[in-house]
Amino acid sequence: MAIEFKPSPSLPPPVRSVGAVAWVRQNLLSSPLNVFLTLFSVYILYLIIPPVVEWGIINASFDGESKADCTGSGACWSFIGVYFDQFMYGLYPSEETWRINLALIILVILIGVFAVKTVNKLYLSLVIILAYPIVAYFLFAGGVFGLEVVETSLWGGLFLTTLLGVVGIVTSFPLGVLLALGRQSNMPIAKSVCIVFIETIRAVPLITILFMASVMIPLFLPEGMNFNKLLRVLIGITLFSSAYMAEVIRGGLQAIPKGQYEAADASGLSYWQSMILVILPQALKLVIPGIVNTFIGLFKDTTLVYIVGMFDLLGRIQAATHDSNWLGTTMEGYAFAGFIYWAACFGMSRYSMRIERKLETGHKRN
Amino acid sequence: MTNTNMARAQLEKGEEAIIEFNDVNKWYGDFHVLKNINFSIKKGERIVVCGPSGSGKSTMIRCINRLEEHQKGTILVDGVEMNNNLKNIEAIRRDVGMVFQHFNLFPHLTILENLTLAPIWVRKIPKKQAEEMAMHYLERVKIANQALKYPGQLSGGQQQRVAIARGLCMQPRIMLFDEPTSALDPEMIKEVLDVMVQLAEEGMTMVCVTHEMGFAKTVADRVVFMDAGEIVEANEPHAFFDNPQHDRTQMFLSQILNH
C-alpha cells in the first residue's frame, strides 16, 4: 500500500518580527550606521520644527488691516486674510464669485455621483467631459441668462491656476495618447508627423511657447482676427504637456508583450478596438506614476503664465506683496502659495496611488 | 509525390480545401524562412506540424491568419486570399481561432471577460448571450468555477484551457495551435491535450504545431514535417511514424522518440 502524503501545516511567523517595537528595531536601529542616521534625523527635525512653529503659530498675528497692525515677531497671517479673495479669484468681481463656487460645487457633486453604484459610468463621464465644460464656461464668462460678462483678463488667482491645470490635464491626456499611438503606428506619414511634433515641442522651453502664444501669434494673424489670450495660452500649455505625455505613454506601450497585440489581432479585433480594449488599459496602468508626474509638472508650470501678464495664484501673491500697506510680507505669501501647491500636488499623488492599488487587484502579470 | 501534386490530387478528389498554400515564400530580411510551401488542408482535417526549432513551422501557421505576412505565393483561407486587404484579414480572423504558446490571455480582464471580449465587439453578440456561451465553453474545458478570477491567478494549464475556450467562443471554422503545451509543466500538459483531443473528435479543423507525438498519433489525419523552411514530408500518422520516407524525417523521429 502506498503511503499517503500529507503536507506539513503552515506555522505563524516568529513573534519578534511583528509589532511596533519590532518595526522600530528593524527599521530605525538595525545597525550602528542606522542608529546614527536615526539620531541625526531627529537632530535635524529639532533644528527645523521649533522655529517654524514659533514663527508660524506662537508669535504670529492673525488680525489687522496692514503690516503695521502685526505686532508679533512672527508671521503676519492677516495679510493672507485680507487678500484671500484676490488670491482665490483674481480680479473677478466679488459679487460674481459665486459663479466660480457654483461651478466647483457642480463638479464635486458630479464626481460624487460616480460613487453611486446604479449610475451608468459611461454617460456620467460623457456629461463631465462634454456637457460640464460648456456649463462651466458660461458660468465663468457670462453673457447668457442675464449673467454679467466677465472678461478673461480679470480671471486670476487659484481659480486661474486650477483652470489652466485642469483644462491642460484633461486635454493633453487624450492628445498624448493619440501622439503615442501615432508614433508607434505603421503609417509612415502619421508616424513622422507625431515624431516631428513631439521632438519639436520637447526641444522648446515652455516660456518660449507661452511667449509665442501671447505675443507672436497675434502678429501673424490678420487684423481683426484675434482670439482670446487665455485660450492661446491654454493651447500652448496643452500642446507642451501632450508631447511629454506621449513619451510617457509610449513607454507603457512598449512594455506590453507582443503576444498581447497578436492575441488581440487574432481575435479579429480592429486596430482601435484592440488599442482601446486590450493594449491601452494595460499600458496606461503601467505608467500611472509617469502620467501623474507629468500632471504635477504641468500644474506647477502654470505659474509661468505670470511671464505673459496673467495673474495666477503665485502672480496674485507677488503683486500683493508689493502693496505699500503690506511690505515685508513676502515670506507669508510664499509660504501660503507653497502650501496650496503642495496640497494640490500631494492630493494628486495620493489619488494616483489609490488608483494604482485599485487596479492592482488580481492583475498579476504572467 | 511532390507537395504540389499532393495538393492537386486532393483537390481533384473533390474534397473541399479550407486552407491552401500555393508556392508560399517568406523572408525575414535576408533570411528565407518559408520556401515554396504548397499544401492544402481539407475541412475537418486535423493536421499536426512538427520539426526542429527554426524550421518555419510557427511562421507557417501564423501566415494562415496573417500574424505574419508572406511575400510570394498565395494563401487561400476559406476561399479568401490573404493579402493586404484589411477587410479580408479581419473576416478571416473572425473565423480562425488561435492558441499561443504563452497563452496571451488579457491580464487586465477576468476569465469571463477574456472570453466575451471578441464575441461582443467583433461579432456584436449581446453581452448576456456572450456570457452564456462563454460559460458553456468554460464548462467544456472544465474551468467554469474560475470565471471571475484573473488570468494571473490561474495555473499555466488552466490558462491554456481558458485560451482554447477563448478561441472557441468566436465559433471558428478553423483552430490554430502554436506549440500549445511547450510552456507548460509536465503535469499540466495532459489536461490541455485532453481538451484538444476532445475538440478533434468533434470534427473541428485543426492545425497544430506541437512536439507531442502521442497527440499526433491519436488524433492527426496527417503529420507534416518541416525543416529549413520546407515541408519535407507529409503523411498520415501511421505511415509517417512507421515508415518515414526521408532520412531527415527518420533522424528527427529517432531523436524525439528514443530518449
Within the range B:166-195, tally of residues that are surrounded by fewer than 17 Cβ atoms within 10 Å (Cβ to Cβ) and of a type in the set (A, V, I, L, M): 1
Any chance you could count how many residues in the range B:170-211 are more than 13 Å from the chain's Cα centre (by Cα) and hydroxyl-bearing (Ser, Thr, Tyr)? 1
Looking only at the range B:154-169, which residues are more than 16 Å from residue A:266 (Cβ to Cβ) and under 16 Å from the mean Cα position of the chain (by Cα)? B:161
Taking the range B:200-229 and keeping only residues that are β-branched (Val, Ile, Thr) and either touching a helix residue (DSSP H, G or I) at 6+ places or on another chain (Cβ under 8 Å) or surrounded by 23 or more Cβ atoms within 10 Å (Cβ to Cβ) (or both), one is left with B:207, B:209, B:210, B:218, B:219, B:223, B:224
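With the structure loaded, tell me whether residue A:341 is more than 14 Å from chain B (Cβ to nearest Cβ) and either touching a Gly at 6+ places or on another chain (Cβ under 7 Å) or at pLDDT 90 or above (or both) or whether it fails that test. Before the answer, list the steps.
Values: more than 14 Å from chain B (Cβ to nearest Cβ): yes; either touching a Gly at 6+ places or on another chain (Cβ under 7 Å) or at pLDDT 90 or above (or both): yes.
When the stated conditions are applied, residue A:341 passes them.
Here is a list: A:271, A:351. Which entry is surrounded by fewer than 17 Cβ atoms within 10 Å (Cβ to Cβ), within 14 Å of another protein chain (Cβ to nearest Cβ) and among the aromatic types (Phe, Trp, Tyr)?
Details: A:351 fails: within 14 Å of another protein chain (Cβ to nearest Cβ).
Answer to the selection: A:271.
Step by step: first the residues of the range B:159-175, then only those that are assigned to a loop (DSSP other than H, G, I, E, B) and not polar (S, T, N, Q), then the one that is nearest to the other protein chains (Cβ to nearest Cβ). Which residue is that? Write out each step before concluding.
Filtering the range B:159-175 down to residues assigned to a loop (DSSP other than H, G, I, E, B) leaves B:169-173.
Narrowing the set further to residues that are not polar (S, T, N, Q) leaves B:169-170, B:172-173.
Working: B:169: 9, B:170: 7, B:172: 10, B:173: 13 Å.
Only one residue tops the list, namely B:170.
Whether any residue in the range B:240-247 is in contact with a Lys or Arg (Cβ under 9 Å, 6 or more places away or on another chain) and either within 27 Å of residue B:202 (Cα to Cα) or part of a helix (DSSP H, G or I) (or both) is what I want to check.
Of all residues in the range B:240-247, those in contact with a Lys or Arg (Cβ under 9 Å, 6 or more places away or on another chain) come to B:240-241.
The next check asks that each one be either within 27 Å of residue B:202 (Cα to Cα) or part of a helix (DSSP H, G or I) (or both); those that pass are B:240-241.
Scanning the range B:240-247, I find at least one residue that is in contact with a Lys or Arg (Cβ under 9 Å, 6 or more places away or on another chain) and either within 27 Å of residue B:202 (Cα to Cα) or part of a helix (DSSP H, G or I) (or both), so the answer is yes.
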Could you run through the range A:315-345 and say how many residues are surrounded by 21 or more Cβ atoms within 10 Å (Cβ to Cβ) and without any contact (Cβ under 8 Å) to a residue 12 or more places away in the chain? 0
Let me spell it out: the conditions are (1) more than 20 Å from residue B:62 (Cα to Cα); (2) surrounded by 14 or more Cβ atoms within 10 Å (Cβ to Cβ); (3) away from chain A (no Cβ under 12 Å), and residue B:132 meets all of them except one. Which number is the exception? (2)
State the number of residues belonging to the range A:185-223 that are in contact with a Lys or Arg (Cβ under 7 Å, 6 or more places away or on another chain), within 19 Å of residue A:253 (Cα to Cα) and assigned to a helix (DSSP H, G or I). 4
What single numbered condition from (1) touching a His at 6+ places or on another chain (Cβ under 9 Å); (2) of a type in the set (Ser, Thr, Tyr); (3) within 14 Å of chain A (Cβ to nearest Cβ) fails to hold for residue B:181? (3)
Listed residues A:31, A:73, A:8; which is among the hydroxyl-bearing types (Ser, Thr, Tyr), within 36 Å of the chain's Cα centre (by Cα) and more than 30 Å from residue A:129 (Cβ to Cβ)? A:73
Quickly run through the range B:199-214 and pick out the residues that are of a type in the set (A, V, I, L, M, F, W, C) and outside any helix (DSSP H, G or I). B:204, B:206, B:207, B:208, B:209
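Would you please name the residue that is nearest to the chain's Cα centre (by Cα), looking only at residues in the range A:279-302 that are among the β-branched types (Val, Ile, Thr) and surrounded by 17 or more Cβ atoms within 10 Å (Cβ to Cβ)? Before you say what the answer is, go through the steps one by one.
Quick first cut of the range A:279-302, residues among the β-branched types (Val, Ile, Thr) only: A:279, A:287-288, A:291-292, A:294, A:296, A:302.
Those left that are additionally surrounded by 17 or more Cβ atoms within 10 Å (Cβ to Cβ): A:279, A:287, A:291-292, A:294, A:296, A:302.
On the way: A:279: 25, A:287: 15, A:291: 10, A:292: 7, A:294: 8, A:296: 4, A:302: 10 Å.
Restricting to residues being among the β-branched types (Val, Ile, Thr) and surrounded by 17 or more Cβ atoms within 10 Å (Cβ to Cβ), the top hit is A:296.
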Could you identify the single residue in A:235, A:249 that is surrounded by fewer than 20 Cβ atoms within 10 Å (Cβ to Cβ) and touching a helix residue (DSSP H, G or I) at 6+ places or on another chain (Cβ under 9 Å)? A:235
Could you list all residues from the range A:95-145 that are in contact with a helix residue (DSSP H, G or I) (Cβ under 6 Å, 6 or more places away or on another chain) and of a type in the set (S, T, N, Q)? A:97
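Does the range A:238-261 include one or more residues that are part of a loop (DSSP other than H, G, I, E, B), within 14 Å of another protein chain (Cβ to nearest Cβ) and either of a type in the set (Asp, Glu) or within 30 Å of residue B:68 (Cβ to Cβ) (or both)?
Just the residues of the range A:238-261 that are part of a loop (DSSP other than H, G, I, E, B), to begin with: A:256-257.
Filter once more, so that each one left must be within 14 Å of another protein chain (Cβ to nearest Cβ): A:256-257.
Filter once more, keeping what is either of a type in the set (Asp, Glu) or within 30 Å of residue B:68 (Cβ to Cβ) (or both): A:256-257.
There is at least one residue in the range A:238-261 that is part of a loop (DSSP other than H, G, I, E, B), within 14 Å of another protein chain (Cβ to nearest Cβ) and either of a type in the set (Asp, Glu) or within 30 Å of residue B:68 (Cβ to Cβ) (or both).
Taking the condition of being under 15 Å from residue A:282 (Cβ atoms) and more than 7 Å from chain A (Cβ to nearest Cβ), how many residues in the range B:106-119 meet it? Give the steps one after another, and end with the answer.
Within the range B:106-119, the first condition is being under 15 Å from residue A:282 (Cβ atoms), and the residues that meet it are B:106-110, B:113-114, B:117.
Filter once more, so that each one left must be more than 7 Å from chain A (Cβ to nearest Cβ): B:109-110, B:113-114.
Number satisfying all stated conditions: 4.
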List, please: which pairs have Cβ atoms under 8 Å, are six or more places apart or on different chains, and start with a residue in the range B:208-236 that is closer than 21 Å to residue B:164 by Cα and end with one that is among the basic types (Lys, Arg)? B:208/B:46; B:209/B:57; B:219/B:46; B:220/B:46; B:221/B:46
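Looking at the range B:135-153, which of its residues are within 11 Å of chain A (Cβ to nearest Cβ) and within 23 Å of the chain's Cα centre (by Cα)? Quick ask: steps written out before the conclusion?
Initial filter on the range B:135-153 (within 11 Å of chain A (Cβ to nearest Cβ)): B:148-153.
Within the range B:135-153, B:151 is the sole residue that qualifies.
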So, of the residues in the range A:94-137 that are modelled with pLDDT under 80 and surrounded by 10 or more Cβ atoms within 10 Å (Cβ to Cβ), which turns out to be nearest to residue A:82 (Cα to Cα)? A:94
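The values are calculated or read from the model by the stated rules, or taken from the named source; none is laboratory data. Bear in mind that the values here come from a model prediction, so they are computed numbers and not experimental data. Neighbour counts are summed over all protein chains in view; Cβ atoms, including those assigned to glycine, are modelled from backbone coordinates with ideal geometry.
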